[in-house]
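Report on the following structure.
Taken together, the values in this text are just the output of simple stated rules run on the coordinates, not laboratory data. Fair warning: this is a prediction, and the values are worked out from it, not measured in the lab. All Cβ positions, even for glycine, are placed from backbone atoms using ideal geometry, and neighbour counts span all protein chains on display.
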Amino acid sequence: MEQTKKSNKIIPIILGVLILGGIIFGVKEYTYYSKHEDTDDAQIDADISPVVARVGGYVDSINFEENEHVSAGQLLVKLDERDYKLRLEQAMAAQKGANANTDVSRSQINTTTASSANARANAEAAKVKLWRATQDYNRYAALIKEGAITQQQFDSAKAERDAAQAAYQAAQDQYRVAVGNIGTSKSQLAVTNIGVDEKQADVDFAKLQLSYTAISSPVSGTVSKKSIQKGQLIQAGQTLFNVVNDNSLYITANFKETQMSDLAAGQKVDVEVDAFPDLKVEGEIYNFSPATGAKFSLLPPDNATGNFVKVVQRIPVKIKIKADTAIIKKLRPGMSVKVSVLTK
């Protein structure tokens with residue numbers, strides 16, 4: 001009987017303890033989730049820069065190893081540059097020829113200018129001769145009326161005037177032709193100058209193509225996913241390797257749309273990394289995606305067709321990581337994390 005009485009007393013005590021524990025647990029959970037929004041659909045991301053070849057050629061040398069840290073501007077790959085040097089030399093030779101043509105055009109302008117000056121002087125001299133011959137003719141015309149000179153003298157004066165007039169006309173024509181030649185030479189110079197500009201553009205392009213044979217790191221970071229070997233023929237546009245940018249780590253957390261009402265930029269975030277459960281990492285909400293993840297998928301859902309089944313959508317949220325450099329160095333893009341946002 002005594003054992004029965006004791007057992008009857010223990011059972012209510014155990015039930016009371018369980019009920020009290022359940023109440024404490026429920027109050028604790030309610031208090032926690034009233035101030036927090038959690039999700040385990042989150043991962044670490046980073047800015048990854050793919051390095052793409054801008055020209056084709058054979059790989060001459062590779063100056064890095066897989067997963068090696070490199071600095072921005074560091075030479076990583078060198079392509080065989082002999083073909084591009086020859087193209088540059090050809091472009092420079094063509095440029096010299098264009099410059100020589102320009103010099104010839106300038107010389108022609110100087111020559112035609114001198115010829116124009118000579119033709120102008122001849123025209124002025126012919127004009128003076130015509131004036132003198134005209135004056136003589138007028139005097140002889142007055143004298144022949146008075147019978148002071150013979151008809152032969154008058155005819156001679158008239159012939160000299162006509163010859164001077166013809167010579168003056170010819171000198172004027174030669175001067176106009178000389179002036180026209182100056183214009184033609186200047187037009188030719190303009191054309192040759194355009195040719196010089198074209199050849200200079202060819203030289204600049206050849207230099208640019210030559211510079212592309214030296215492939216440098218666009219950012220400071222860790223090189224990964226190398227897909228080339230020495231002596232390999234690569235094509236323009238081919239991805240050679242990737243560089244994970246230093247200090248560019250962040251978290252992408254996909255919250256349910258029903259969790260978004262209390263989330264705001266600047267809220268504190270506690271982060272738990274699956275790979276390092278004891279690692280304390282804090283963060284801060286930075287911004288929100290303009291659309292759900294499904295809208296950016298290859299085949300976005302179209303709820304206007306077929307049977308509709310409501311599915312809770314998720315919104316990607318970008319979270320800045322606030323941690324020491326030593327901690328950040330342990331993290332890798334793609335790691336799974338759990339985030340808890342303090343909303344109140």
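Each residue, SER216 and ALA117, gets one label point 7 Å from its Cα in the Cβ direction; the gap between the two is 5.3 nm. If the Kirkwood radius is taken over C-alpha pairs of the range 202-344, then at 20 °C and 1.002 mPa s the Stokes-Einstein diffusion coefficient equals 112 µm²/s. Relative to the globular-protein estimate of 2.2 N^0.38 Å, the Cα radius of gyration of the range 79-235 stands at 2.29. For GLN209, the shell of other residues with beta-carbons less than 12 Å away shows a net charge of 0, using +1 for Lys and Arg and -1 for Asp and Glu.
When Rg and the Kirkwood radius Rh are both evaluated on Cα atoms of the range 92-168, their ratio Rg/Rh stands at 1.50.
Listed here are the pairs LYS268/LYS338; LYS295/LYS330; LYS35/LYS256; LYS35/LYS268; LYS226/LYS318; LYS226/LYS295; which of them are more than 21 Å apart at the Cα? Violating the 21 Å limit, Cα to Cα: LYS295/LYS330; LYS226/LYS318; LYS226/LYS295. Compared with the direct C-alpha span, the chain from ALA159 to TRP131 gains 8.7 nm at full extension, assuming 0.36 nm per residue.
Each Lys or Arg adds one and each Asp or Glu takes one away; over the other residues whose Cβ falls under 13 Å from the Cβ of LYS322, this sums to -1. In a fully extended conformation the segment linking MET92 and ASN307 would gain 70.5 nm over its present Cα-Cα distance, using 0.36 nm per residue. Using only alpha carbons, the chain has a radius of gyration to Kirkwood radius ratio (Rg to Rh) of 1.53. Once the C-beta distance of VAL52 and VAL191 is scaled by a Förster radius of 45 Å, the resulting FRET efficiency is 0.70 to the nearest 0.05. Multiplying the residue separation of LYS318 and ILE19 by 0.36 nm and removing their Cα-Cα distance gives an extension gain of 103.6 nm.
Can you tally the net charge around VAL77? Count Lys and Arg as +1, Asp and Glu as -1, for every other residue whose Cβ sits under 10 Å from the Cβ of VAL77. Neighbour charge sum, excluding VAL77 itself: +2. Amide H to amide H, with H built 1.01 Å from N, HIS36 comes under 5 Å of THR343, counting only residues 5 or more places away or on other chains. Computed per residue of the chain from DSSP H runs no shorter than four, each worth -39500 (n - 2.57), the mean residue ellipticity at 222 nm is -17500 deg cm²/dmol. Bridgeable aspartates and glutamates around LYS225 (alpha carbons under 15 Å apart, same-chain partners fewer than 8 residues away excluded): ASP47, GLU65, GLU66, GLU68.
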